[in-house]
Amino acid sequence: MATSNTSEGSTAPDFALPDSDGATWRLLDHRGKVVVLLFYPGDETPICTRQMCSVRDRWEDYTATGAEVVGISTNSVESHKSFAEHHELPLRLLADVDRKIADMYGAQSLIPGKVARSVFVIDRDGVITYRDVRPLGLFRPKDDDTIKAIKAVSRER
């Protein structure tokens, strides 16, 4: 499947997805703010649960950056709602059930049909400033690296 250019320095492709409450979240609506997209393979799986709970446990550090942080997987709105409630996750989870957005961003796993564990930091002007795609997905991104990338782009102005 063809993907758009989502390398560092390229403009982040716009998209709209439903969140765990069924409300539509659109990237373009957040222009003027740093946005972090956290793609992950699935709700209630061991590594993904550790990843999202780690973000929860560092939430104060994430919010201190002023960035809008969202999680994206192919799970349904209902699955996200249950997952977020079960683990008291503070971040908005977006349902990319047909994997179009993950494919658009090149967040493709080596495992057919799965989403790669990935982080994209997008600056206030909609440009990707940090990209970490892990096609195998056995190791989760480090919160310190993500927060450092957010802070780097937040200081640019």
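A short reminder: the numbers here are calculations on the coordinates, not readings from a lab. Since we're looking at a predicted model, the values are computed, not measured. Positions of Cβ are backbone-derived with ideal geometry, glycine not excepted, and every protein chain shown enters the neighbour counts.
Rundown of residues vs (1) under 19 Å from ASN5 (Cβ atoms); (2) in contact with a Pro (Cβ under 9 Å, 6 or more places away or on another chain); (3) not basic (Lys, Arg), yes/no style:
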residue: THR74; (1), (2), (3): no, yes, yes
residue: PRO90; (1), (2), (3): no, no, yes
residue: PRO112; (1), (2), (3): no, no, yes
residue: VAL127; (1), (2), (3): yes, no, yes
residue: LYS148; (1), (2), (3): no, no, no
residue: VAL153; (1), (2), (3): yes, no, yes
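Failed condition for LEU38, given (1) under 20 Å from HIS86 (Cβ atoms); (2) not in a strand (DSSP E or B), with all others met?
Evaluating LEU38 over (1) under 20 Å from HIS86 (Cβ atoms); (2) not in a strand (DSSP E or B) leaves (2) as the failure.
When GLY106 is evaluated against the numbered criteria (1) of a type outside the set (D, E, K, R); (2) out of contact with any strand residue (DSSP E or B) (no Cβ under 9 Å at 6 or more places or on another chain); (3) on the phi > 0 side of the Ramachandran plot, which criterion, by number, is the only one it fails?
It fails just one condition, (2).
What number of residues within the stretch 1-35 are assigned to a loop (DSSP other than H, G, I, E, B) and surrounded by fewer than 19 Cβ atoms within 10 Å (Cβ to Cβ)?
Matching residues across the stretch 1-35 total 18.
Looking only at the stretch 2-46, count every residue that is more than 25 Å from LYS151 (Cα to Cα) and in contact with a Gly (Cβ under 7 Å, 6 or more places away or on another chain) and tell me the total.
Result for the stretch 2-46: 2.
I need the full set of residues from the stretch 79-93 which are of a type in the set (D, E, K, R) and either in contact (Cβ under 8 Å) with a residue 40 or more places away in the chain or in contact with a His (Cβ under 7 Å, 6 or more places away or on another chain) (or both), in order please.
Matches in the stretch 79-93: LYS81, ARG92.
Any residue in the stretch 96-104 that is within 17 Å of LYS142 (Cβ to Cβ) and buried (at least 20 other Cβ atoms within 10 Å of the Cβ)?
no
Surrounded by fewer than 22 Cβ atoms within 10 Å (Cβ to Cβ), of a type in the set (A, V, I, L, M, F, W, C) and more than 14 Å from LEU37 (Cα to Cα): does that describe ALA116?
No; evaluated as a whole, the condition is false for this residue.
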